[in-house]
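Novice: Shown below is the structure under consideration.
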2 protein chains.
Amino acid sequence: MSEIKQTSTNFSNKLALSDECPEAYASTIIGGQWTLVICSWLLGGKLRFGELKKKLPNITERMLTLQLRKLEENKIVSRTVYAEVPPRVEYELTPIGYALKSVIKELEEWGDRHKKLISE
Amino acid sequence: MSEIKQTSTNFSNKLALSDECPEAYASTIIGGQWTLVICSWLLGGKLRFGELKKKLPNITERMLTLQLRKLEENKIVSRTVYAEVPPRVEYELTPIGYALKSVIKELEEWGDRHKKLISE
DNA sequence: TTAGGTACTATACAAAATGTAAGTAATGAG
DNA sequence: CTCATTACTTACATTTTGTATAGTACCTAA
């Protein structure tokens, strides 16, 4: 993050894949390291920047900002700034963001199952 | 890919996340650029290395090998080598690999929906 | 006047993922 | 002997992602 080179092979490969495979498309959008975790916290309702930060152990402010910006660009979260001092900014899932709920649920189930299998 | 430094902050962050969030765990496992596409082709039945290569436009042999190795390590695909010349190697989803079907389905649906929304 | 809280931004760097180009081994067909 | 076929390796370059650390702007309260 956050510059992508629109001339790289990597870029055009992703584009081509996203074009034909909705699942690859989806995974480039929600595939970031913190993306899904952020969304799954937001499934519980809107949160402020600082609140999110507390929920995500070890995330740096830069990363949190970048991920939120990307989510915003992709219309997965909405950002509301309150003109107060000190500032207050709230993040909330959009409808398509909330629609991630079933995706996350499936991923969680599969993840749990896989983890058990591997740890045997 | 494919060396991960077990001393890096990034590594321990991923570990910590994977520990508490099955969805983050799942996404580190199936989050590779080609992973899901490979799996979704394999959902249709076993395929040889060369067949997979043809299905995946632009993938290099190196990338295909790496991804398949990772999938194998994670017990998502099984690898069968036939002692012939020229060699024949078949890849097939394991049960937990087939279990990705519903994950992929959800991702596809969400991806389609999201794509439509964005392109408006 | 100074310190403090909030949500950032900037810069530099480290690590991970992906890509390119060239090889290799085995063997049977010609 | 030479060539084609298949599934890889290897060495290296580039791109993408993540971390560390230090700022900034704003007002308010002490």
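Novice: Starting from the Cα of residue B:84, move 7 Å in the Cα-to-Cβ direction to define the label point; list residues of region B:33-72 whose amide nitrogen is under 19 Å from there.
Specialist: Label zone hits: B:45-55.
Novice: Specify which residue in the list B:95, B:41, B:83 is farthest towards the positive end of the charge dipole of region B:31-118, using unit charges on the beta carbon of Lys, Arg (+1) and Asp, Glu (-1), about the Cα centre.
Specialist: Value: B:41.
Novice: Residues of B:13-23, mean number of Cβ from any other protein chain within 10 Å of their own Cβ, rounded to a whole number?
Specialist: The mean count of partner-chain Cβ atoms within 10 Å per residue comes to 6.
Novice: Each residue of region B:43-48 in turn: what ³J(HN,Hα) in whole Hz from Karplus with 6.51, -1.76, 1.60 and θ = phi - 60°, glycine and Pro shown as x?
Specialist: Once θ is set to phi - 60°, the couplings for region B:43-48 become 4, x, x, 5, 9, 7 Hz.
Novice: Please work out the FRET efficiency for the pair residue A:54 and residue A:92, using the Cβ-Cβ distance as r and a Förster radius of 22 Å; give the result to the nearest 0.05.
Specialist: The formula returns an efficiency of 0.80 here.
Novice: In addition: List, in order, the whole-Hz ³J(HN,Hα) value for each residue of region A:5-14 obtained from phi through the Karplus relation with A = 6.51, B = -1.76, C = 1.60 and θ = phi - 60°; use x for Gly and Pro.
Specialist: Result, rounded to whole Hz: 8, 6, 10, 6, 4, 3, 4, 6, 4, 4.
Novice: Using a 10 Å cut-off on Cβ to Cβ distances, tally the other chain neighbours for every residue of B:81-94 and report the average as a whole number.
Specialist: Neighbouring Cβ atoms belonging to other protein chains average 0 per residue here.
Novice: From the convex hull of the Cα coordinates of chain B, what is the mean projected area in square nanometres?
Specialist: 9.6 nm²
Novice: Given A:14/B:54; A:54/A:101; A:5/B:5; A:105/B:55; A:115/B:101, which pairs have Cα atoms separated by over 20 Å?
Specialist: Pairs exceeding the cut-off: A:54/A:101; A:5/B:5; A:105/B:55.
Novice: Per residue, how much accessible area does the protein assembly as shown show when a 1.4 Å probe rolls over the protein heavy atoms, in square angstrom?
Specialist: Accessible area per residue, the protein assembly as shown: 57 Å².
Novice: Hey, any idea what % of region A:34-98's accessible area is carbon plus sulfur with a 1.4 Å probe?
Specialist: 53 percent
Novice: Nearest 500 deg cm²/dmol is fine: what mean residue ellipticity at 222 nm does the protein assembly as shown get from its DSSP H runs of n ≥ 4 alone, each adding -39,500 (n - 2.57), divided by its residue count?
Specialist: The per-residue figure over the protein assembly as shown is -18000 deg cm²/dmol.
Novice: Under the 0.36 nm per residue contour assumption, what length would be gained going from the current alpha-carbon distance of residue A:112 and residue A:65 to full extension?
Specialist: Net length gain for the segment: 14.0 nm.
Novice: Hey, another quick one. Could you estimate the translational diffusion coefficient of the protein assembly as shown from the Stokes-Einstein equation, with Rh from the Kirkwood formula over C-alpha pairs, at 25 °C and 0.890 mPa s, in whole µm²/s?
Specialist: 128 µm²/s
Novice: Give me the summed buried accessible area for the A-B pair, 1.4 Å probe, to the nearest 100 Å².
Specialist: Looking at A and B, the buried total is near 4100 Å².
The values are calculated or read from the model by the stated rules, or taken from the named source; none is laboratory data. Since this is a predicted model, take the numbers as computed values, not measurements. Positions of Cβ are backbone-derived with ideal geometry, glycine not excepted, and every protein chain shown enters the neighbour counts. Ligands, DNA and RNA are excluded from the accessible area calculation, which covers all protein heavy atoms including side chains. Shrake-Rupley method; radii C 1.70, N 1.55, O 1.52, S 1.80 Å.
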